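Undergrad: Could you have a look at this structure, given as structure tokens, before my questions?
The values are calculated or read from the model by the stated rules, or taken from the named source; none is laboratory data. These numbers were taken from a predicted model, which means no experiment stands behind them. Quick reminder, even Gly has a Cβ in these numbers, built from the backbone with ideal geometry, and neighbours come from all protein chains shown.
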């Protein structure tokens, strides 16, 4: 195991990325354990950070750590692998804290334990999958590697065209509600082509704007969702809740007018 780690990670210059991923996963595990202890009102656990009654969400600490790690990686031009790995780990810690409250940033309100809060766990899963694929040596690739035997200008033009094509297919795939297909497609382009061609998932931005309610495409999309994706989605939610807790809290009601006037 040690020789494999040295050969595949250290010798390949992947140690900073490995430290980033390890710090990311450990931080996510710790912060989810912490918030579950707080939710269960375990007395011996420290609880939320609330100086002066102000609840400071851990996304705030995450932003600070990301800035320290990110700026450090750019500004500290050290050849030391230990320094690079430490800064990458700091960035990984900050990234986990930020993405764990991705839903709060997205909705601009505290939906941590509500159904919308699952978006945070989804973001964590996507980040871990992306970093893991890169750690394995995969990199986002254009649809076609062309132009090597041509002039530099032509080669550059061809590369730009295919990169734009890839980006367009990725955007279409994501708008069709196929997050994981889009992610995998960045590394294996055939998934982008398939994802962009096939029907959009129900309630996705593409479906809402282009499929009229009750139309043939809308009906077919919903039947396909119920048959294939609903069972997979249930298993995915079960795994997410096993790792991150149940997102079953009722939405908070907005303050009444009388309450606002009394302030």
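Undergrad: How about the stretch 189-203: which of its residues are outside any helix (DSSP H, G or I) and within 22 Å of residue 226 (Cα to Cα)?
TA: Within the stretch 189-203, 198, 199, 200, 201, 202, 203 meet the criteria.
Undergrad: To continue, here is another question. Any idea which of 69, 94 is touching a residue at least 12 places away in the same chain (Cβ under 8 Å) and under 18 Å from the mean Cα position of the chain (by Cα)?
TA: 94
Residues checked against (1) within 24 Å of residue 132 (Cβ to Cβ); (2) touching a residue at least 60 places away in the same chain (Cβ under 8 Å); (3) surrounded by fewer than 13 Cβ atoms within 10 Å (Cβ to Cβ):
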| site | (1), (2), (3) |
| --- | --- |
| 155 | no, no, no |
| 161 | no, no, no |
| 171 | yes, no, no |
| 184 | yes, no, no |
| 200 | no, no, no |
| 204 | no, no, no |
| 209 | no, no, yes |
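Undergrad: For residue 47, are the conditions met, namely being without any contact (Cβ under 8 Å) to a residue 40 or more places away in the chain and on the phi > 0 side of the Ramachandran plot?
TA: yes
Undergrad: Can you tell me which residue is modelled with the lowest pLDDT among those in the stretch 156-178 that are touching a helix residue (DSSP H, G or I) at 6+ places or on another chain (Cβ under 7 Å) and in a helix (DSSP H, G or I)?
TA: Looking at residues that are touching a helix residue (DSSP H, G or I) at 6+ places or on another chain (Cβ under 7 Å) and in a helix (DSSP H, G or I), I get 166.
Undergrad: Regarding the stretch 107-114, can at least one residue be identified that is in contact with a helix residue (DSSP H, G or I) (Cβ under 8 Å, 6 or more places away or on another chain) and without any contact (Cβ under 8 Å) to a residue 24 or more places away in the chain?
TA: Yes, there is a match, as at least one residue in the stretch 107-114 is in contact with a helix residue (DSSP H, G or I) (Cβ under 8 Å, 6 or more places away or on another chain) and without any contact (Cβ under 8 Å) to a residue 24 or more places away in the chain.
Undergrad: Taking residue 5, is it surrounded by 13 or more Cβ atoms within 10 Å (Cβ to Cβ) and either touching a strand residue (DSSP E or B) at 6+ places or on another chain (Cβ under 6 Å) or under 20 Å from residue 127 (Cα atoms) (or both)?
TA: Considered against the rule, which asks whether it is surrounded by 13 or more Cβ atoms within 10 Å (Cβ to Cβ) and either touching a strand residue (DSSP E or B) at 6+ places or on another chain (Cβ under 6 Å) or under 20 Å from residue 127 (Cα atoms) (or both), residue 5 comes out as no.
Undergrad: Follow-up question, since we're still on this one. Return the only residue of 61, 91 being surrounded by 17 or more Cβ atoms within 10 Å (Cβ to Cβ) and assigned to a helix (DSSP H, G or I).
TA: 91
Undergrad: Looking at (1) free of Cβ contacts under 8 Å to residues at least 60 places away in the same chain; (2) part of a helix (DSSP H, G or I); (3) surrounded by fewer than 16 Cβ atoms within 10 Å (Cβ to Cβ), which one does residue 36 not meet, given that it meets all the others?
TA: Condition (1) is where residue 36 drops out.
Undergrad: Still on this structure, I have one more. For the stretch 8-29, enumerate the residues that are exposed (fewer than 13 other Cβ atoms within 10 Å of the Cβ) and modelled with pLDDT of 95 or more.
TA: Of everything in the stretch 8-29, nothing turns out to be exposed (fewer than 13 other Cβ atoms within 10 Å of the Cβ) and modelled with pLDDT of 95 or more.
Undergrad: Do we have any residue at all in the stretch 145-155 that's closer than 30 Å to residue 15 by Cα and modelled with pLDDT under 85?
TA: Yes, the stretch 145-155 contains at least one residue that is closer than 30 Å to residue 15 by Cα and modelled with pLDDT under 85.
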